[in-house]
Amino acid sequence: MAPHDLRRPFKRPAISDQQRRRELSLLRQTHHRRDAQLQARCLASSVLSLQSRSSEPVSDVGVELVPKSESLPEQESGALTKDLDVRQASRLKGAEARKLMLPEWMIDVPDRLSHDWYVFARPAGKRCIVVSSNGTTVSRLRNGSILHHFPSALPCGARTRDVSGSAQSYCILDCIFHESDQTYYVIDMVCWRGYSLYDCTAEFRFFWLNSKLEETGACGPPSHYHKFRFSPVSIYSCDQSGLLASYTGAVPYVKDGLLFYNKHAHYQTGNTPLALVWKDENCSQYVIDTDSKGQVLSQQQVVLELRDDGKLSTSDDPVVIFGCLDGEVIQMSGLRSGDLLKFDISVGGLTLVDGKLEKADLHYLGKVNRARIFADSYSKVMFQHMVRHTPLKFEDLLASISLSDDQENKPCDSEMVG
Amino acid sequence: MAMEVTQVLLNAQSIDGTVRKHAEESLKQFQEQNLPSFLLSLSRELANDEKPVDSRKLAGLILKNALDAKEQHRKFELVQRWLSLDANVKTRIKTCLLKTLTSPVPDAQSTASQVIAKVAGIELPQKQWPELIGSLLSNIHQLPAHVKQATLETLGYLCEEVSPDVVDQDHVNKILTAVVQGMNAAEGNDNVRLAATRALYNALSFAQANFNNDMERDYIMRVVCEATQSPEVKIRQAAFECLVSISSTYYDNLAPYMQDVYNITAKAVREDDEPVALQAIEFWSSICDEEIDILEEYGGDFTADSDVPCFYFIKQALPALVPMLLETLLKQVEDQDQDEGAWNIAMAGGTCLGLVARTVGDDIVPLVIPFIEENITKPDWRQREGATYAFGSILEGPSPDKLLHIVNVALSFMLSALMKDPNNHVKDTTAWTLGRIFEFLHGSTMDTPVITQANCQQIITVLLQSMKDTPNVAEKACGALYFLAQGYEDVSPTSPLTPFFQEIVQSLLTVTHREDAGESRLRTAAYETLNEVVRCSTDETSPMVLPLVPVIMMELHKTLEGQKLSSDEKEKQSELQGLLCGCLQVIIQKLGSSEPTKYVFMQYADQIMGLFLRVFACRSATVHEEAMLAIGALAYSTGSDFAKYMPEFYKYLEMGLQNFEEYQVCAVTVGVVGDICRAMEEKILPYCDGIMTQLLKDLSSNQLHRSVKPPIFSSFGDIALAIGENFEKYLMYSMPMLQSAADLSTHTSSADDDMTEYTNSLRNGILEAYSGIFQGFKNSPKTQLLIPYAPHVVQFLDSIYMEKDMDEVVMKTAIGLLGDLADTLGNNAGSLIQQSLSSKDFLNECLSSEDHMIKESAEWAKLAINKAISV
């Protein structure tokens, strides 16, 4: 007969620290294996081949110790951004992280909207980039100023014991801070646990965003170690039902227009036609530009950048020229190249020929508030102009979808998932 | 020949080494030359009453060892060997065995009982030896008591050996009838009664049907309860052991008997001999275990329709049970705190009280407080210690609200007792109780902190002072500090410990240097606490961890200087090296996890690695597990720079992978293979031939513990992910192994939870290997090499899906692999997946899973598959 096991005297420790070390090691290994797998999958889904990653030395994690690597020439680091490498990505934590992907305004409906695009209701609020690293989280507005500095449940976003936490591990999220419920709505994921998603398609980034964010607990209610709630937004395929859902569906935030993202587009900083914003009175309080008191302006205003040659340009790349100030005016007003100037569009309005800007009747108002750092984009000016004259209506969007559906009677290729 | 066997068996037990060795050699030869005849001679020897008892006993022992082994694989071989023996020979052996049961020589009888049970363990599941139970039962009615006793013992062993489902209910009924009759007070012979009571203990698991029958259950319970009143202490003890077993196996059926059982146990706890009293306490501990499990399953939801109802026996017995347990606390044994293996009524009573507190929560507090108040200031140390122990025991279970008041009152009393009480036991228990307070009532989740700005300094001062006390008290003080530090693990960035950090570290180091640090595991406790303090250091204090690095390195260096050590000294050296490597591991992990400290720490990397290598070199045949674990952590911090250590480290890595005996070491080393793959990526390539060879050998070995095999498969995946298409040359070896392991893992009928768990871990390892290989080959021109393996992978995924017994981890890995397959092979996999039996269902099931990890992998797979089938 087997003797009955005596209970372990409970004045002795129940678990040995060695066992604990063993278990923590196993846990660390499991996490790292998972990270490696995810990285492989993420890389695989981007246009980059695995070889280009392997050819890039990964050994240089320690390189940043050497001060001169900090001063890599700007163009080189620019050239390298195509390579998915932790080093490049980690530089993004600095100045580059402030560069957001900026949607153009929708002035015409793209082809294949229902096939190649996502749509979602944009939360009203402050667009910002949120970086979590080294046990803290910082959100910065587009102009680089810090919005919040706080602990969060994002990876490395608060000082807690995290066996999977590595030095390189940090996250960069593209968010909108929604004031009334004090929530960061995450509209895009740029880096996750040290892995850059810049060169991943929107399809992948959104997939990653939806699956990863939840797992961290960042969507949970605020607590001492998690000051603000994060929340993903519902992203739809831009078919008829998706478009309707985003336009009419209830969301916990105040809507400010709809955002359209091309599924195949990578995260590209600056203005891009592969992300578009569209608004009307039903889904935004701010369709037509207002003054600081919220009054709709009687005339459309634009902000343009003054160039060396006196020309007035948009923030696009390449720029669009709206007009020219003569040298005398510039000197008199003490203006300098690079200044952002505000104009009325006067009675003459904008003259378009074949869809291109031919002439603008501008009336100089003065310099803009210093917080502004960008001129208006061409698409914004045009959208505002259209809103006042011939707006692009929601019905137009819907119509273009049903039209393209009729034209391309392609079978659905997602048989596997119904 | 027969005479010769006797002599050889006797010689094999000779004091003379040469004689013994010679005899063992002869036995081995005999066995190898003619196994059937060897076994038959042994059984004849055992059965022959004219032979000396020593040769008979050894003959029986060798027979037993020819039928069973601890090691799973060896056991399987022996079973197959027995089953393939000539039926005639087996019958003759079995006849000898049964005959031996009637022998007047007790040693021969009892050896035969065990051998019969082993044979039964092999044959009954095969539906062989159907007459066994019948013939045993016919023995019961024989007159000589010793035959009856031997037969009951055999039935007991048999029930222990075979699983209930291979014995039909009719036989079960008969066995139970015979056993319970043997236990009955009417049985005059104590030996028979004892044998019957012990047999019942093993037979209880067969009695499911009988326990569902009110009359039969009443009868069994009555007989067991009567046996607890036997004049013979061994019978009483065995009867209480039955009660303990019944309490967990038949918890549902206990209600009608609880009042009687309470009376019986209370009397035994108060009056009976210690072995009996301990079992009586154990009965209540076991009921607590059951109810804790049930209530945990309920969660907070008391309306839930749980399969198992909770009868709240403990809650009902509380007013009587608690005073009974409190009494036991005063029955301490002098010096019990110096004896690691000590177990007595006071300790069992305290343990039970702790379980009761966890079972009923708040209700226990008012029942215990008066006892504490009454005794804690008494002149007799037993009363002070008992009161403190009672307090410490009930700290887990009741809500903090219920405890906070008394804890706040008690805290300063405890601190002062720890300094001033003249008795060592009282101080030991006081320090332990402080540790329990910090473990359960201190930490960021508490609304009202027990440790405040006002008392923090005093607490730490007392604990550090107490670490200079006798080893047992100092060890408990270290333990208290461990939990104190743990409670501050997630405060940021300023921890209340910051001002004391250096002093704490210094004091702990001083403890490790105490002359008597070897007693009461004091040195171990000090290092463990140091580890926890390091783990919980904040941004503010982690720079203060840095200076520890050279200190611990120096300590480790010192252990390497001793020469010509005795085996005892060697063991101590190795133990100390383990502690130091463990500490370095924790430090490396801590400092490596944030950039600023990591860069400063990295200056030591070369030296640390040098020390680890020297630790390895201390031993000739084995590698040090702790050093191996630490190297895994180091590889993670160094990244691809780890390559420079590989030329020297490689041989130890190989040695670790070859360590079949200490499978933990092998397992840890396999984990480190993964670490260095991720650290070095393609730089690992030059070592892969060697590593893969070892891993493949490990997989083919029958000696290696099976738990290591799943991680070996996972490490295939790690290697493939690191070296990409270079894995090509290992495909022809690894793929067939993966395939056959995959087949094996789908054809196991998972008899028990252990097997199901193992099967799942094996599947997970195989799936991770495939995932790594497929992802490793992604975008390589050699991708087509994988195409021939794809159908099998899909088939494997189909079959594990169909078997419906995957756990979440396997599900997540499996659906991820489906995506990897599609991702790497594109339309080559697309058609396979579309044609597969269950891929679509599997994917849909995973997509709608509650588990976000599964969902995430499924969404990835969906993307990849959609791409693959649309191309």
Discussion item. So residue A:145 passes all but one of these: (1) over 24 Å from residue B:593 (Cβ atoms); (2) surrounded by 22 or more Cβ atoms within 10 Å (Cβ to Cβ). Which condition number does it fail?
Written reply: (2)
Item to complete: Residues being within 14 Å of chain A (Cβ to nearest Cβ) and not in a helix (DSSP H, G or I): count how many of those fall in region B:537-556.
Response: 5
Worksheet item: Quick check, is residue B:744 away from chain A (no Cβ under 14 Å) and modelled with pLDDT of 90 or more?
Response: no
Discussion item. Can you tell me which residue is nearest to the chain's Cα centre (by Cα) among those in region A:132-148 that are within 14 Å of residue A:225 (Cβ to Cβ) and at pLDDT 80 or above?
Written reply: A:132
Worksheet item: Before we move on, is residue B:629 away from chain A (no Cβ under 12 Å) and of a type outside the set (Lys, Arg)?
Response: no
Practice prompt. Could you identify the single residue in B:363, B:401, B:421 that is of a type in the set (Asp, Glu), out of contact with any Gly (no Cβ under 8 Å at 6 or more places or on another chain), under 27 Å from residue B:291 (Cβ atoms) and in contact (Cβ under 8 Å) with a residue 24 or more places away in the chain?
Written response: B:363
Worksheet entry | Options B:202, B:212; residue that is of a type outside the set (Asp, Glu), touching a helix residue (DSSP H, G or I) at 6+ places or on another chain (Cβ under 8 Å) and closer than 30 Å to residue B:142 by Cα | B:202
Practice prompt. Give me the pairs, please: first residue somewhere in region A:339-354 and on the phi < 0 side of the Ramachandran plot, second residue anywhere and part of a strand (DSSP E or B) and of a type in the set (Gly, Ala, Ser), beta-carbon distance under 7 Å, and either six or more positions apart or on two chains.
Written response: A:342/A:366; A:345/A:360; A:350/A:360
Practice prompt. Report, by residue number, each residue of region B:586-621 that is part of a loop (DSSP other than H, G, I, E, B), over 25 Å from residue A:27 (Cβ atoms) and touching a residue at least 12 places away in the same chain (Cβ under 8 Å).
Written response: B:618, B:619, B:621
Worksheet entry | Where a residue in region A:291-303 is surrounded by 10 or more Cβ atoms within 10 Å (Cβ to Cβ) and its partner, wherever it lies, is part of a loop (DSSP other than H, G, I, E, B) and of a type in the set (Val, Ile, Thr), with Cβ under 7 Å and at least six apart | A:296/A:288; A:303/A:368
Worksheet item: Considering region B:788-805 alone, what residues qualify as being closer than 24 Å to residue A:30 by Cα and either over 33 Å from the mean Cα position of the chain (by Cα) or crowded, with 19+ Cβ neighbours inside 10 Å (or both)?
Response: B:793, B:796, B:797, B:800, B:801
Discussion item. Of everything in region A:18-36, what is surrounded by fewer than 22 Cβ atoms within 10 Å (Cβ to Cβ) and polar (S, T, N, Q)? Give them in sequence order.
Written reply: A:18, A:19, A:30
Practice prompt. Considering every residue within region B:512-524, establish whether at least one is out of contact with any helix residue (DSSP H, G or I) (no Cβ under 6 Å at 6 or more places or on another chain), under 21 Å from residue B:470 (Cβ atoms), touching a residue at least 12 places away in the same chain (Cβ under 8 Å) and more than 11 Å from chain A (Cβ to nearest Cβ).
Written response: yes
Worksheet, complete the sentence: Matching residues in region B:308-354 (aliphatic (A, V, I, L, M), away from chain A (no Cβ under 14 Å) and either farther than 19 Å from residue B:366 by Cβ or under 29 Å from the mean Cα position of the chain (by Cα) (or both)) number 3
Discussion item. Checking the structure you have, find out if any residue of region B:723-737 is among the small types (Gly, Ala, Ser), in a helix (DSSP H, G or I), closer than 18 Å to residue B:764 by Cα and in contact with a Gly (Cβ under 9 Å, 6 or more places away or on another chain).
Written reply: no
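The rows are residues; the columns are (1) at pLDDT 90 or above; (2) assigned to a helix (DSSP H, G or I); (3) crowded, with 20+ Cβ neighbours inside 10 Å; (4) at negative phi.
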site: B:454; (1), (2), (3), (4): no, yes, no, yes
site: B:458; (1), (2), (3), (4): yes, yes, no, yes
site: B:461; (1), (2), (3), (4): yes, yes, no, yes
site: B:465; (1), (2), (3), (4): yes, yes, no, yes
site: B:469; (1), (2), (3), (4): yes, no, no, yes
site: B:472; (1), (2), (3), (4): yes, yes, yes, yes
site: B:477; (1), (2), (3), (4): yes, yes, yes, yes
site: B:482; (1), (2), (3), (4): yes, yes, yes, yes
Worksheet item: So which residues in region B:687-741 are buried (at least 19 other Cβ atoms within 10 Å of the Cβ), of a type in the set (Gly, Ala, Ser) and within 13 Å of another protein chain (Cβ to nearest Cβ)?
Response: B:714, B:715, B:717, B:720, B:722, B:724
Item to complete: For region B:175-291, please list each of the helices (runs of 4 or more DSSP H) lying entirely inside it that holds at least 3 residues being farther than 24 Å from residue B:162 by Cβ and within 12 Å of chain A (Cβ to nearest Cβ).
Response: B:233-249
Practice prompt. Specify which of the listed residues (A:185, A:198) is assigned to a loop (DSSP other than H, G, I, E, B), more than 14 Å from every other protein chain (Cβ to nearest Cβ) and either surrounded by 22 or more Cβ atoms within 10 Å (Cβ to Cβ) or touching a Cys at 6+ places or on another chain (Cβ under 8 Å) (or both).
Written response: A:198
Practice prompt. Output yes when any residue across region B:41-61 is under 28 Å from residue B:660 (Cβ atoms) and under 37 Å from the mean Cα position of the chain (by Cα), and no when none is.
Written response: yes
Worksheet item: For region B:34-73, how many residues are surrounded by fewer than 19 Cβ atoms within 10 Å (Cβ to Cβ) and among the acidic types (Asp, Glu)?
Response: 4
Worksheet item: Considering region A:350-390 alone, what residues qualify as being among the small types (Gly, Ala, Ser) and within 15 Å of residue A:320 (Cα to Cα)?
Response: A:355, A:360, A:375, A:377, A:379
Response to the item:
Within region B:827-853, residues more than 9 Å from chain A (Cβ to nearest Cβ), surrounded by fewer than 24 Cβ atoms within 10 Å (Cβ to Cβ) and within 22 Å of residue A:206 (Cα to Cα) come out as B:845, B:848, B:849, B:850, B:851
Fill in: Qualifying positions in region B:147-186 - exposed (fewer than 15 other Cβ atoms within 10 Å of the Cβ) and acidic (Asp, Glu)
B:165, B:168, B:170
Worksheet entry | Some residue of region B:663-682 being in a loop (DSSP other than H, G, I, E, B), at pLDDT below 90 and surrounded by fewer than 24 Cβ atoms within 10 Å (Cβ to Cβ) | no
Worksheet item: Would you call residue B:400 modelled with pLDDT of 95 or more and out of contact with any His (no Cβ under 8 Å at 6 or more places or on another chain)?
Response: no
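The values are calculated or read from the model by the stated rules, or taken from the named source; none is laboratory data. Nothing here was measured: the structure is a model prediction, and the numbers come from that model. Positions of Cβ are backbone-derived with ideal geometry, glycine not excepted, and every protein chain shown enters the neighbour counts.
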